[in-house]
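Written below as structure tokens is the structure these notes are about.
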Amino acid sequence: MVPTRSDRSLPLLVLCFFLSGAAALVYQTAWTREFAFVFGTSDLAVATVLAAYMGGLAAGAGIAGRLAHRVARPVLAYGLLELGIAIAALCVPLGVAVARWLYVALFGGVDFVAGSGGLATALFYLVASFAILLIPTAMMGATLPLLARHAVREESQIGSRIGLLYAANSAGAVAGTLAGAFLLLPNLGLRSTIVAAAGVNFLVFLAAWALARRSPPAPAAAPATAAEPAGRSSWILVLILVSGFVSFTYEV
């Protein structure tokens, strides 16, 4: 069988998705540190930032999963998302500064002990975290459905190719966590670490843009129907929900 262009481009896309995962976890490590300046280092503050991060990923994946079949050039769309992530990530410090100002205005200044304000501060942590992180993390979550739209051309490829992309992204996340905590933050500082991660996103954008110029439009695809999940296999979604709940309980 003669390899298609999507087959030939897959190794480069896997590398790009590895770098995407690395940048994403550098951001998470840096943002947790940055939000600690506003919310403190209490378990509540850390948990709300993590919830906002994962909530954005889920929202982006859910939306992109429903719309991916309409995208004729998914690799280009993926590259534009990476560019958007870089821009949004560079704006996060501004959002944190606004949250700090609101925190001082609402709760009486820097002498307020983080985590001791009960429901009011818990709600503030949650709303501020989601408001600041929703846009960049939603764009991160949308990347996998778009790459799957390009890489998967027949049903038999679903497991192997999506599994490969997810594994590469997760491996990049491991590398990004280690690099962020042990290399970038100690040597570059908080702001420069975020800039470095944004630079990785920009490089991925350039690679995806170049690849998209050489790739034909994806064939038209029918939208996914709700009939099958609503019938015999809907229980799988419940199990995945419970599994995610338990996994992040362990992490916190």
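Descriptive notes on the structure:
- Number of the exception - His150 against (1) open to solvent by 20 Å² or more (accessible area, probe 1.4 Å); (2) out of contact with any Phe, Trp or Tyr (no Cβ under 7 Å at 6 or more places or on another chain): (1)
- Taking first residues from segment 1-16 that are closer than 19 Å to Pro145 by Cα and open to solvent by 40 Å² or more (accessible area, probe 1.4 Å) and partners that are at pLDDT 70 or above and of a type in the set (Ser, Thr, Tyr), the Cβ contacts under 9 Å between residues at least 6 apart in sequence or on separate chains come to Arg5/Ser215.
- Within segment 188-206, restricting attention to residues that are at pLDDT below 95 and under 20 Å from the mean Cα position of the chain (by Cα), the residue that is surrounded by the fewest Cβ atoms within 10 Å (Cβ to Cβ) is Arg191.
- For Arg66, the requirement of being charged (D, E, K, R), surrounded by fewer than 16 Cβ atoms within 10 Å (Cβ to Cβ), without any contact (Cβ under 8 Å) to a residue 60 or more places away in the chain and assigned to a helix (DSSP H, G or I) is not met.
- Yes/no for Leu81 being open to solvent by 40 Å² or more (accessible area, probe 1.4 Å) and within 24 Å of Arg191 (Cα to Cα): no
- Verdict on Gly55 being in contact (Cβ under 8 Å) with a residue 60 or more places away in the chain, open to solvent by 20 Å² or more (accessible area, probe 1.4 Å) and closer than 11 Å to Leu146 by Cα: no
- Filter pass, Thr48 being polar (S, T, N, Q) and either at pLDDT 85 or above or within 27 Å of Val200 (Cβ to Cβ) (or both): yes
- Filter result for Ala36 (of a type outside the set (Lys, Arg) and in contact (Cβ under 8 Å) with a residue 40 or more places away in the chain): no
- The condition of being modelled with pLDDT of 90 or more, farther than 29 Å from Leu10 by Cα and buried (at least 17 other Cβ atoms within 10 Å of the Cβ) holds for only one of Leu239, Leu185, Leu165, that being Leu185.
- Test: residue in segment 28-40 that is touching a helix residue (DSSP H, G or I) at 6+ places or on another chain (Cβ under 6 Å), modelled with pLDDT under 85, β-branched (Val, Ile, Thr) and in a helix (DSSP H, G or I): yes
- Boolean, Arg33 is open to solvent by 40 Å² or more (accessible area, probe 1.4 Å), basic (Lys, Arg) and in contact with a Leu (Cβ under 8 Å, 6 or more places away or on another chain): yes
- Ala72 meets all of the listed conditions (1) more than 27 Å from Leu123 (Cβ to Cβ); (2) outside any loop (DSSP other than H, G, I, E, B) but one, namely (2).
The values are calculated or read from the model by the stated rules, or taken from the named source; none is laboratory data. Quantities reported herein were computed from a predicted structural model and do not represent experimental measurements. Neighbour counts run over all protein chains shown; Cβ positions are idealised from the backbone, glycine included. Surface accessibility is based on the protein's heavy atoms, side chains included, excluding ligands, DNA and RNA. Shrake-Rupley method; radii C 1.70, N 1.55, O 1.52, S 1.80 Å.
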